[in-house]
Each structure stands twice: as C-alpha cells, then as structure tokens.
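For reference, the structure discussed in these notes is given below.
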C-alpha cells in the first residue's frame, strides 16, 4: 500500500493537515507580526493553508514546499480562490532536498514534520533559512503522559522520540534560539482532526470496495482509530513553538 495514497485520502476533508483549529492557527499567526514585507517559507506545507492565510490576512509573500502532487494542487487552487496566487510559489519537492539561500526568509514554518532528520536537526536546518531576528514556527508532537509500551510498539516509536511540552520547548532553547511563544492543541482539536481523518477514509472504503488496497487501508485506519481512542488521545499531544533566531 502506498502510504502517500493513504495520507491523501485520509486528509481529504482537511485544509490544515495538523490538529489545530482555525482559531488556534489565527492566534499563532497573530504573534508573528507579519506584514507585506515578510517573506515566509512553509516546509512540508501540506495543502498550504497556513501560508495562504498568512498571505490573505497579512499580505506576505512566500514559498510552500511539499512532496505530494495532490496537496500542492490543492494549495494552488486554494491560493487562487483566495486571490493570493501571485504571492506564493509552490514547489513540489521532497522537503529534505529543499535548500534555499541562507537567511533568505523572515519566517520558516514546519507543522508536524521532521524533514531534515530529528526535531533538533530540523530546527538547526530551518534556522539557517531565516535572517537574524527571524522566526521559526514548528509544530511537534510531545508526550502528555508516559507512553505505554503497547502504544509505542504500535507506533514503532520509542519514548525518547518525543519529550514533554516543556522539554520540547527546551530543545530549541538549547540550540541558542529564543522561545517567544508556545501553545498546544486541545483534546477537542485532536478529536476533530482524528475524526475527520477516520471519516474520510471510511467513506472512501465504502465507495471504492474494488480498490486493491482496500483491505490494507481498512486494517490501517481501524488500527489507528483504536490506538488513538485507547492510548493516543491521552498520551500524544501536539504543540506549536515559535522561536526567534538571535
């Protein structure tokens, strides 16, 4: 089964491919002090919703990078519908291979991905893309509580893959960045994100029973559903951390 196919289908009803509400995203954007002179990079941008909203609300220009042709196509349509297509360049490319000129952006964003290796490696690499005084906006998972061994096995993860909320913020601080803002997704936001993810896939499976990947996708989505309800809902959180480069 193609994991990119699965992700595209499961995110079919999402605009923002992260567990943030529109209101929460608006709060994050409000602290960035963006204006028409701001140049923004969104790495692993998904459907480009954050960058489109920044351009629409604050007049920024920027670049969105994602490997998914389906997501980039959605991003282009969204930018055109919102009247900001002339301000944004969309790049269909593996984020890990995208390397702009050092210091060429005022803000670099990455919500829910680690395109340059570990969380720490991603912060370092993204930090090289922004000018002195520039901002990094990073979405990252964190442990709400001690993960159970069964959940770690399901995820194929180890406890050390994430820290708690404070520890996640501390990683950036230890790299010489200045933390200026942080927030976390509520359980309701996570429920809504996971619910839309589940519903989109279940509808697809009902409408496309002849898909050769149907059985594999059904097993995957239902296993994920059960793991989220039993473990993930209380264990894995999502935070957004805004750092300033010195």
Among beta bridges that DSSP assigns inside region 1-111, antiparallel share in %, nearest 5 | 0 percent
Rounded to two decimals, the Debye log10 I(q)/I(0) of region 80-143 (Cα scatterers, no solvent) at q = 0.18, 0.20, 0.29 Å⁻¹ is -0.74, -0.88, -1.30
What is the diffusion coefficient of region 110-246 in µm²/s, taking the Kirkwood radius over Cα pairs and the Stokes-Einstein relation at 25 °C with a viscosity of 0.890 mPa s?
-> 147 µm²/s
Given region 8-76, what whole percent of its Cα pairs are spread farther than 20 Å?
-> 27 percent
Would you mind computing, in nm to one decimal, how far apart the modelled labels at residue 210 and residue 121 are, each placed 7 Å from Cα along Cα→Cβ?
-> 4.4 nm
Pair residue 175, residue 5: separation of 7 Å Cα→Cβ label points (nm) | 3.5 nm
How big is the equivalent ellipsoid of region 121-185 along its three axes, where each semi-axis is √(5λ) from the Cα gyration tensor, reported in whole Å from largest to smallest?
-> 27, 12, 9
Degrees, to the nearest 10: 49-58 long Cα axis against longest axis of the chain = 30 degrees
Give the percent of DSSP beta bridges with both residues in the chain that are antiparallel, rounded to the nearest 5.
-> 45 percent
Is region 205-246 best put as rounded, prolate or oblate by its Cα gyration tensor, with a ≥ b ≥ c the root eigenvalues, rounded for a/c under 1.5, and otherwise prolate when a/b is larger than b/c, oblate when not?
-> oblate
With everything on Cα atoms, drop me the angle between helix 214-227 and the longest principal axis of the chain, reported from 0 to 90° to the nearest 10.
-> 70 degrees
Could you tell me whether region 1-142 comes out rounded, prolate or oblate from its Cα gyration tensor? Rule is a ≥ b ≥ c as square roots of the eigenvalues, rounded for a/c under 1.5, then prolate if a/b exceeds b/c, otherwise oblate.
-> rounded
Quick one: helix 187-207 against the long Cα principal axis of the chain, what's the angle to the nearest 10°, folded into 0 to 90?
-> 50 degrees
Quick one: Cα centre-to-centre distance for region 1-73 and region 180-220, in angstrom?
-> 18 Å
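Read the figures in this text as sums done on the coordinates, not as results from a lab. Values in this document were obtained by computation on a predicted structure and should not be read as measured data. Here the Cβ is made from the backbone with ideal geometry for all residues, glycine too, and neighbour counts use every protein chain on show.
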